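Scroll down for the structure; my scribbles are underneath it.
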Amino acid sequence: MTLHIPFDNSYARLPDAFYTAQNPTQVSEPSLIAFNDVLATELRISRDSDADLASTFSGNTVPDGAAPLAQLYAGHQFGNYNPQLGDGRAVLLGEVVNTQGQRCDIQLKGSGPTPYSRMGDGRAWLGPVLREYIVSEAMHAMGIPTTRALAAVKTGEPVYRESVLPGAVLTRVASSHIRVGTFQVFAHRGQTKELKELTEYTIARHYPDADGPMGLLRAVVAAQAKLIPKWMSVGFIHGVMNTDNCTISGETIDYGPCAFLDTYQPDKVFSSIDQMGRYAFGNQPRIAVWNMAQFATALIQQMHDQDAAIAEATKIVHAMPDQIEAHWLAEFGHKIGLQNASVEDLPLIEDLLARMAAHQADFTNTFRALHTGTARDQFTDPTAFDAWDKTWTARLSAENDADARMASTNPVLIPRNHQIEHLIQAALADDLKPFFDMLDAVQNPFSRDVAHHNLTVAPLSNEVVPATFCGT
Ligand code: AMP
Ligand code: MG
């Protein structure tokens, strides 16, 4: 073994109440699918043979210095509190401090059962592993805070879902896996000592300038208020914004039934289990605020003066919609070429979106075509665009560098749902070329010279993926 990972495991140094020590479960025949060399270098991990990488990132060999553990957390799932979730199919191998001095978790996902598995098998199948690999790397390339993908390995073992499927393990990197639900579990159990300890640990790790629990709340609200408009700016729908899938760092986490908009539909829902549309595209800001209200509720448990804390937390959470709106305006302003969109520009942006919705315009391709002058072709009735175009052109006369701004904020391609389905089907037939083609393409989402032009094409009506399923 020559693989070296410079572990420094701070979470494992926290008391036992925070996790259960847990090794990954060995698999029969690990084989490497993909390894992220660029990320590995940033993490100061030395490259190794494919066989050794497969052995480590399947969980068969626990590397020196690792302290594998399953983290405890709880969370609201679709609005209902679940008092105990936890890593049911993941183990944190440990942490490294990367070349930029930032502490990062290295976690195996799909690595076998843990005390938190409940009825689950602790495993993942190939499809969701490839999906998370691609989508998280695409989000990163588009400048959106996210967990990263370090490795994907096939286990050589079957996983039983609606059918028998090949098992796989994803190695994911995050600036931490601390969630709103991590705070909730201690608050709801009345474990104030642990809640305080988690608060201190989180402040030191993520927001060293934050002043106490309310300072932490303010910082996390700010991070989440920035994140959600970024998702929306690329048509991303997370799909399961439960509080256990809401990070304290402000990184996107848990790419389960996530999807990107093809045509713009503000009320779009993909996830088949989201029957009420709770996590619909346009509802994401409201849910982020709701999640922060749960975070505030958990944090307050440790405060001396409850009434004062409630008043302060309420103020912080109530300020969040305006913060989201301001970031949304900035993001969408950039998308139409405006450097500093103001509230007076809001009707212009909303008018475009309304016309896109009414005329089945493709979200990605319409914005991308704005500065090349072909956006009207995206509308079922192109004259619907022409009317907007006049007002927009007049507004743009006050802007410098609008074209460059649009080119650097409107991606040429996103990992489209039908293409992801296609690459998963190909991978099931042992053809990984579509996976690597897309992985290659999403690395440069704003580049005009797209290597794989077919990936920029919107789905034909018979290719549209109507729903995503949670059988992950
Ligand atoms: P998720 O919806 O993926 O965020 O997961 C919600 C909870 O279910 C977490 O506690 C997961 O660890 C757990 N979970 C999801 N899938 C499995 C599985 N196959 N085996 C065990 N636990 C699982
Ligand atoms: Mg989760």
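The values are calculated or read from the model by the stated rules, or taken from the named source; none is laboratory data. Computed from a predicted structure; not experimentally measured. Cβ placement follows ideal geometry from the backbone for every residue including glycine, while neighbour counts extend to all protein chains displayed. The protein model used for the area step is the full one, side chains on, heavy atoms only, and it has no ligands, DNA or RNA in it. Shrake-Rupley method; radii C 1.70, N 1.55, O 1.52, S 1.80 Å.
Just to be sure I understand, how many residues within segment 234-251 are under 17 Å from I414 (Cβ atoms) and either surrounded by fewer than 23 Cβ atoms within 10 Å (Cβ to Cβ) or within 12 Å of ligand 2 (Cβ to nearest atom) (or both)? Steps first, please.
In the first step, residues of segment 234-251 are kept if they are under 17 Å from I414 (Cβ atoms); the result is 234-239.
After this cut, where a residue has to be either surrounded by fewer than 23 Cβ atoms within 10 Å (Cβ to Cβ) or within 12 Å of ligand 2 (Cβ to nearest atom) (or both) as well, the list is 235, 238-239.
Adding up the residues that qualify gives 3.
What helices (runs of 4 or more DSSP H) lie completely within segment 270-347 and have 3 or more residues being more than 21 Å from N245 (Cα to Cα)?
Result: 306-318, 320-335.
Just a yes or no: is a residue in segment 137-148 touching a Cys at 6+ places or on another chain (Cβ under 9 Å) and open to solvent by less than 10 Å² (accessible area, probe 1.4 Å)?
For segment 137-148, residues touching a Cys at 6+ places or on another chain (Cβ under 9 Å) and open to solvent by less than 10 Å² (accessible area, probe 1.4 Å): absent.
Among the residues of segment 121-136, write down those that are open to solvent by less than 10 Å² (accessible area, probe 1.4 Å) and more than 17 Å from V38 (Cα to Cα). Don't jump to the end; show me each part of the working.
So in segment 121-136, the residues open to solvent by less than 10 Å² (accessible area, probe 1.4 Å) come out as 122, 124, 126-127, 129-130, 132-136.
The answer is G122, A124, L126, G127, V129, L130, E132.
From the list Y201, Y160, exactly one residue is of a type in the set (F, W, Y) and either in the same structural domain as R89 (by TED's automatic domain parsing) or open to solvent by 40 Å² or more (accessible area, probe 1.4 Å) (or both). Which is it? Working first, answer last.
On the way: Y201 fails: either in the same structural domain as R89 (by TED's automatic domain parsing) or open to solvent by 40 Å² or more (accessible area, probe 1.4 Å) (or both).
Within the list Y201, Y160, the selection yields Y160.
When you check D267 against the structure, is it more than 16 Å from ligand 2 (Cβ to nearest atom), assigned to a loop (DSSP other than H, G, I, E, B) and within 26 Å of D351 (Cβ to Cβ), yes or no?
So D267 passes the test.
Got a number for residues in segment 32-48 being in contact with a strand residue (DSSP E or B) (Cβ under 9 Å, 6 or more places away or on another chain) and open to solvent by 50 Å² or more (accessible area, probe 1.4 Å)?
Adding up the residues that qualify gives 3.
Does L227 satisfy the criteria of being touching a Pro at 6+ places or on another chain (Cβ under 8 Å) and either part of a helix (DSSP H, G or I) or in contact (Cβ under 8 Å) with a residue 12 or more places away in the chain (or both)?
Details: touching a Pro at 6+ places or on another chain (Cβ under 8 Å): yes; either part of a helix (DSSP H, G or I) or in contact (Cβ under 8 Å) with a residue 12 or more places away in the chain (or both): yes.
For L227, the condition - touching a Pro at 6+ places or on another chain (Cβ under 8 Å) and either part of a helix (DSSP H, G or I) or in contact (Cβ under 8 Å) with a residue 12 or more places away in the chain (or both) - is met.
To keep it simple, each residue is scored yes or no on (1) of a type outside the set (S, T, N, Q); (2) part of a loop (DSSP other than H, G, I, E, B); (3) free of Cβ contacts under 8 Å to residues at least 40 places away in the same chain.
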| residue | (1), (2), (3) |
| --- | --- |
| T25 | no, yes, no |
| A34 | yes, no, no |
| L39 | yes, no, no |
| S55 | no, no, yes |
| G65 | yes, yes, no |
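Where in segment 354-437 are there helices (runs of 4 or more DSSP H), lying fully within it, with 1 or more residues that are buried (at least 16 other Cβ atoms within 10 Å of the Cβ) and free of Cβ contacts under 8 Å to residues at least 40 places away in the same chain?
Values: elements: 363-370, 383-396, 402-409, 417-428.
The qualifying helices (runs of 4 or more DSSP H) are 363-370, 383-396, 417-428.
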